[in-house]
Structures are given as C-alpha cells and as structure tokens.
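Accompanying notes for the structure given below.
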C-alpha cells in the first residue's frame, strides 16, 4: 500500500509498506528496523519475533520515547512482559500490532507530534504465508 505525504515531510514517515518491507520517505527497507520521527531509520538486529530479547528493547529505551509501536509481522503477537522491562520501568508504553497497523499508527502519532518509535520485524518465514 502506498501512503501520501502530508505536512510531516521533514520527518521519517512511512510512505509505503507490504509484507516484505517498508518505505520510509520513499526509501525501501526489507530488514528489521527502528524508526524515530527526527532520526534516520536504523537497522534492528532481531530477524524474527522469537529472536526478541530484553537487550533489543533496552536499545529502544535509550531513545526515551513516549510509546513504542512494535510491528510483529503479518500477525499480531505480544511480547512477554519480562522483555520490555527496560521500557515499562521508564513508563514507556509498548503497543504490539501487525506491521501494517503499526506503520499506520506510527504515522498518526508522529503527525500529532508524539515522541514515538516504530520497531518493525520482518520475519522471512511469514513471507510465504
């Protein structure tokens, strides 16, 4: 699905997505990544949902967002509370949703001026389902 740019053009905006990747400001990414409104997208090491660890979320906590939107692939999955302890201890919310919903939600929150992080996992095993 293609999305159209609005007045948020100077921010890192999701401009398109499908089951194999995402476009941030019209640049295609097909690997897991972290997106913040005012910082260039950064590669994120988990390749699958099952690889997620507390260290992955501690990396996000260092950016001090208000909320983390976790895109878990084609299906919504929920992380164990132990994994997001570094976030919840700092009162940072975590919302888990399928990656397409996560992209849409990130754009809305970012457009409202919220300090949001989009963390996307691209799980190669889901591409054939």
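Quick notes on this one:
The rows are residues; the columns are (1) in contact with a helix residue (DSSP H, G or I) (Cβ under 8 Å, 6 or more places away or on another chain); (2) surrounded by fewer than 19 Cβ atoms within 10 Å (Cβ to Cβ); (3) in a loop (DSSP other than H, G, I, E, B).
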| site | (1), (2), (3) |
| --- | --- |
| 58 | yes, yes, no |
| 73 | yes, no, yes |
| 83 | yes, yes, yes |
| 90 | yes, yes, yes |
| 118 | yes, no, no |
| 122 | yes, no, yes |
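- Considering 94, 68, 79, the condition of being in contact with a strand residue (DSSP E or B) (Cβ under 7 Å, 6 or more places away or on another chain) and more than 19 Å from residue 37 (Cα to Cα) is satisfied by 79 alone.
No lab work stands behind these numbers, since they all come straight from the coordinates. Just so we're clear, the structure is a prediction, and the values are computed from it rather than from any experiment. Cβ coordinates were reconstructed from backbone atoms using ideal geometry, including for glycine residues, and neighbour counts include every protein chain displayed.
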